[in-house]
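> I have a structure I would like to understand better, so I am pasting it below and will then ask my questions one at a time.
The values are calculated or read from the model by the stated rules, or taken from the named source; none is laboratory data. These numbers come from a predicted model, not from an experiment. Neighbour counts run over all protein chains shown; Cβ positions are idealised from the backbone, glycine included. Just so you know, the surface numbers come from the protein's heavy atoms only, side chains and all, with ligands and any DNA or RNA stripped out. Shrake-Rupley method; radii C 1.70, N 1.55, O 1.52, S 1.80 Å.
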Amino acid sequence: MTATIALVDDDRNILTSVSIALQAEGFLTRLYSDGEAALKALTDNPPDLAIFDIKMPKMDGLELLRRLREKSRLPVIFLTSKDDELDEALGLAMGADDYIAKPFSQRLLIARIRAILRRTEPATPGTEDEAAAQGPLERGRLVMDPARHRVSWDGKPVTLTVTEFLILETLAQRPGIVKTRNQLMDAAYQDDIYVDDRTIDSHIKRVRRKFREADPAFDSIETLYGAGYRFSEE
């Protein structure tokens, strides 16, 4: 089935060039020049993935994502400027799945899109049965159900994005074992896609924040400075 990608950017040149590149790769595209125009369309008739510019008139990408997340878990990639580190961190904290800094390689963008779509596509009957047969992953108060993409802590549900789920699952599979940032990148970005350390650190901070909403004393993801992260089973 052909995937549909929504592009939201006030720069017509970017909308045109990215749309042409995506269509050449077999994707369908929908184009919006501002957040206000996009919001209703994204919720009423959602695409498979959306790409937002952060800095737009009327409604910027961060506000668009905040309002979208009230109703939808649609995968979102942010386009940012290189000096927008704060906006990148805010976007990830609010539930963006990835970000790419301008100027960017269209080849890299397409690779990121394909990686995210593969992680969010419904399981085939065979893979779904296999995942269900493996059963939930239980580590103390943490329960992860890969077949249903569900997570709970001490019986309380915790909502994670696909990227967050994969990072946490990698840590929880071997409690006490340190995972480097590169290992976590490999788990979350499975197509030899490079992301810098800040992206992994931002995902970890976001996962911690979500668990602390369920349990303010949550401290099971430990930072080993200069080494990486590990999950501590209580």
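> Label ASP219 and LEU108 with points 7 Å out from Cα along Cα→Cβ: what is the distance between them in nm?
Placing both labels 7 Å along Cα→Cβ, they lie 3.7 nm apart.
> Counting only the heavy atoms of the protein chains, how much of THR16 is accessible to a 1.4 Å probe, in Å² to the nearest 10?
80 Å²
> For ILE177, ILE200, what's the largest-to-smallest order of accessible area, 1.4 Å probe?
ILE177, ILE200
> Using 7 Å Cα-to-Cβ label points, what is the LEU28/ASN13 separation (nm, one decimal)?
A separation of 3.0 nm, rounded to one decimal place.
> Just to make sure I understand: if all protein chains stay in place, what is the order of ARG139, ARG118 by accessible area at 1.4 Å, largest first?
The residues order as ARG118, ARG139, largest area first.
> How large is the dipole of region 1-64 about the Cα centre if only Lys and Arg carry +1 and Asp and Glu carry -1, each at its Cβ, rounded to the nearest 20 debye?
140 debye
> Accessible area of SER152, 1.4 Å probe, to the nearest 10 Å²?
The accessible area comes out at roughly 30 Å².
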